[in-house]
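Notes for the one structure printed next.
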Amino acid sequence: MEFLTGFAAWLGASPITALVTSHGWIVPAIQVVHILAIAAVVIGAALINLRALGLAEQGRSLRVVLDAWLPVLYSAVGILAFTGFLLIASEPDRALFRTIFWVKLGLIVAALLVTRAHGLAARDTGDQSSVAVTRTPLHTLLAVASLLLWVGVIYAGRWIAYADGWPGAPS
Amino acid sequence: MSLQDFANTLADTWLATELTDSTWLFGTVESFHVVALTLVFGSIALVDLRLLGLVQGSRPVNDLLRSVLPLTWAGFALAAITGTTLIFANPIGYSENFFFKGKLLLLLLAGLNVAVFHFWVQPRATSPEALAPRISGGISLVLWVTIVSFGRWIGFTI
């Protein structure tokens, strides 16, 4: 925790924190951008995974849906990382010292790995270029895991506001 | 019955007590509200950006609508249920909050925009250059970004 305490102290004294806390509207505005980027991930993940389950986009192949949405999803995750960093800078003593924040980061890494696996699996499976809904057990598993993981990320993210900090953490 | 009386009535319900006393219920309902609203916003923004000609230009609007509308309605139903539940946590506070009342009004306008799109714009959208769908998409996008912003601002002003 020593490293984190040092990092939080450094960040809190940096111009980034000074900037994002200089006006009351800046933090809610960053949160709005964060939510809009979450919406891009949610609609992308929903269309990819529901297509894999045969529940949406039935007229298009999984490959086409993945090609359309993976770049959007990855770009949105980039925006989320940037706005998320600014939100941490607005209150450096908050998120970093709560277990749920680290759980959220773990879930994001897992969700991204599953999404990546989905893209690779679709590329390796020749019949995925067909519009026929071919629900292989692998794609079904990846789709369900991905949807659950992204919902878990949102749940953990919202919970940062309510969880208690670690004992002895700066406040 | 005035709005204040109605708010007081809601504050006296079992659900209001549960939401206030429970350590996990409010945050859980709120999380599902976020899942729902991002599904609603994401699917509507996708259609709006298509109407503006900014994404998926080669795809017919009707084909896109067929694909995403079930997600929009499912998300909207969940957002309405979770949103209504959240009101019970602080009915008096919400009834006096500018951004809450503004959000409800904007939701009404967004609904009106959907009706205008469905009954007036869509039958006339015969050519890709038609102006009406672009205007409709632009209005919808501005309305929904404002709705999300007002929603977030409630948390900072209540």
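The values are calculated or read from the model by the stated rules, or taken from the named source; none is laboratory data. These figures come from a predicted structure and were not determined experimentally. Note that each Cβ is placed from the backbone with ideal geometry, even for glycine, and that neighbours are counted across all protein chains shown. Heavy atoms of the whole protein, side chains included, go into the accessibility calculation; ligands, DNA and RNA do not. Shrake-Rupley method; radii C 1.70, N 1.55, O 1.52, S 1.80 Å.
Per-atom-type breakdown for the protein assembly as shown gives carbon and sulfur 70% of the accessible area (1.4 Å probe, protein chains only).
What percentage of all Cα-Cα pairs in region B:1-150 are separated by more than 23 Å? Beyond 23 Å sits 45 percent of the P(r) for region B:1-150.
Each Lys and Arg Cβ is given +1 and each Asp and Glu Cβ -1; about its Cα centre, region B:45-113 then shows a dipole of about 100 debye. For the chain pair B and A, the interface hides roughly 2300 square angstrom of accessible area in total, found with a 1.4 Å probe.
Each part reduced to its alpha carbon centroid, region A:1-65 and region B:49-67 end up 24 Å apart.
Over all orientations, region B:68-158 has a Cα convex hull whose mean projected area works out to 6.5 square nanometres. Beyond 23 Å, the tail of the calculated P(r) for the protein assembly as shown holds 63 percent of the Cα pairs.
Relative to the longest principal axis of the Cα atoms of chain B, the long axis of helix B:25-51 lies at roughly 20 degrees. Which of rounded, prolate or oblate describes region A:24-171 when judged by the alpha-carbon gyration tensor and an a/c cut-off of 1.5? Prolate shape, in that a/c is at least 1.5 and a/b is the bigger ratio. Contact residues in region B:46-67 (at least 30 Å² less accessible area with all protein chains than alone, 1.4 Å probe): B:LEU46, B:GLN56, B:ARG59, B:SER67.
Think of a 1.4 Å ball rolled over the protein heavy atoms: the protein assembly as shown then has 51 Å² of accessible area per residue. When the other protein chains are added to the chain by itself, burial of at least 30 square angstrom of heavy-atom accessible area (probe 1.4 Å, ligands and nucleic acids ignored) affects these residues of region A:25-58: A:PRO28, A:GLN31, A:VAL32, A:ILE35, A:LEU36, A:ALA39, A:VAL42, A:ILE43, A:LEU47, A:GLU57. A Förster distance of 22 Å, applied to the separation of the beta-carbon atoms of B:PHE156 and B:ASP5, puts the FRET efficiency at 0.20.
Relative to the longest principal axis of the Cα atoms of chain A, helix A:2-12 runs at roughly 80 degrees. Converting phi to 3J(HN,Hα) with the Karplus coefficients 6.51, -1.76 and 1.60 and the offset θ = phi - 60°, region B:114-119 yields 5, 5, 4, 4, 5, 8 Hz in sequence order, with x at every glycine or proline.
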